[in-house]
């Protein structure tokens, strides 16, 4: 079945604003109409805190339960394994602090030079607090791929955790998380924490298939509102003593990381984004049975559509004079995030040039500070980053490429 692009775009109100091309998805996608409607409905019909016997509180409890179940279906877990928070970074800092209660001086952590700092700095801070040793997985600056051949040598009896990204927010590289988990399991008893922020919007994520222990993602990069989500194996979460106020719930186990009053309107919006993905899955696979199957169909359809769009993007970028692409050279093993430099044009100048033409893209380090340093681009201002998602069109890709060519034209 052909991808229903027109119907998809109609579900995103921001796309109706004329003169805008949104290629800033790695920093946050546009929000789908069902997410907006769910948030408005929750606020308009009466909001309340959780745990009361009156109608609005009971409605809030039901809404929150539904949002946990929806995210569990998307990620392949169970509702009690899902925690909502302000964002992925806040949740990672919280779970890192809880894990560190059981770690000692001389224990070891493994992080990568490819990751967003939200999956690096929290572990560096834990290591500093506990006098632990940090070991690094490097990546190849040419291919943008992690050096997994070196991983076994980084693991040992005192390795407590390996933190890895599902996909690079800077270069688009998709990491072999399941393969990394197998290596870790063969060499140590370490936990595996996965930053799936950039992976989750672009294809299926199944925590059971990956085999990891903890995984975090960001619904605001999944067509919903500003929220963070943490999944953790129930048995592990049950063992962790989170930093929280004394009356806060510890059952289901993941909920101990939901400190204070959460954004219930945000959870409503997440539920709406899952509604949207279910709708898309039904369009792509009318016979899909149940929410998990519909969500799987949606994410597979998104991945297939974005692969074709990525091929068009790579072909177009290859013809831009002076352009150097970083990360995987082809569509295999990447999400549709493209990072590049153009000789003679600083990244911030390129981004401003595009913005003047209604094309929204980022420049800089994107919080992937280790990756930019490893590429030797820190002093040069980092990279230009163009990120697609499934609501983008081939025409928008062509307009981007034409705008980049215009950098070299007189009177640009």
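The values are calculated or read from the model by the stated rules, or taken from the named source; none is laboratory data. On a predicted model such as this, the values are computed, not experimentally measured, just so you know. So basically every Cβ, Gly included, is an ideal-geometry build from the backbone, and we count neighbours across all protein chains shown.
Overview of values
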| quantity | calculated |
| --- | --- |
| Neighbours by Cβ (under 6 Å, 6+ apart or cross-chain): first from segment 110-137, assigned by TED's automatic domain parsing to the domain that holds residue 228 and farther than 12 Å from residue 154 by Cβ; second in a helix (DSSP H, G or I) and modelled with pLDDT under 95 | none |
| Wholly enclosed helices (runs of 4 or more DSSP H) of segment 1-97 bearing at least 3 residues under 21 Å from the mean Cα position of the chain (by Cα) and modelled with pLDDT of 95 or more | 33-44, 55-75 |
| Which listed residue, of 211, 165, 172, is in contact with a helix residue (DSSP H, G or I) (Cβ under 9 Å, 6 or more places away or on another chain), crowded, with 24+ Cβ neighbours inside 10 Å and either at positive phi or assigned by TED's automatic domain parsing to the domain that holds residue 377 (or both) | 172 |
| Residue check, residue 277 in contact (Cβ under 8 Å) with a residue 40 or more places away in the chain, part of a helix (DSSP H, G or I) and either surrounded by 22 or more Cβ atoms within 10 Å (Cβ to Cβ) or touching a helix residue (DSSP H, G or I) at 6+ places or on another chain (Cβ under 6 Å) (or both) | yes |
| Number of positions in segment 325-359 that are under 19 Å from the mean Cα position of the chain (by Cα) and either surrounded by fewer than 23 Cβ atoms within 10 Å (Cβ to Cβ) or at pLDDT below 95 (or both) | 4 |
| Evaluation of residue 377 against (1) surrounded by fewer than 24 Cβ atoms within 10 Å (Cβ to Cβ); (2) without any contact (Cβ under 8 Å) to a residue 60 or more places away in the chain; (3) closer than 17 Å to residue 25 by Cβ (one fails), failing number | (3) |
| Test: residue in segment 110-121 that is part of a helix (DSSP H, G or I) and in contact with a helix residue (DSSP H, G or I) (Cβ under 6 Å, 6 or more places away or on another chain) | yes |
| Residue, surrounded by the fewest Cβ atoms within 10 Å (Cβ to Cβ), within segment 4-22, restricted to residues that are under 22 Å from residue 87 (Cβ atoms) and in contact (Cβ under 8 Å) with a residue 40 or more places away in the chain | 12 |
| Conditions (1) out of contact with any strand residue (DSSP E or B) (no Cβ under 7 Å at 6 or more places or on another chain); (2) surrounded by fewer than 22 Cβ atoms within 10 Å (Cβ to Cβ): number failed by residue 262 | (1) |
| Selected residue [within 21 Å of the chain's Cα centre (by Cα) and either in a helix (DSSP H, G or I) or in the same structural domain as residue 389 (by TED's automatic domain parsing) (or both)] from 292, 312 | 292 |
| Test for residue 105: is it out of contact with any strand residue (DSSP E or B) (no Cβ under 7 Å at 6 or more places or on another chain) and within 30 Å of residue 163 (Cα to Cα) | yes |
| Filter result (outside any strand (DSSP E or B) and closer than 22 Å to residue 315 by Cβ) within segment 352-385 | 353, 354, 357, 361 |
| Residue within segment 247-254 that is in the same structural domain as residue 46 (by TED's automatic domain parsing) and crowded, with 21+ Cβ neighbours inside 10 Å present | yes |
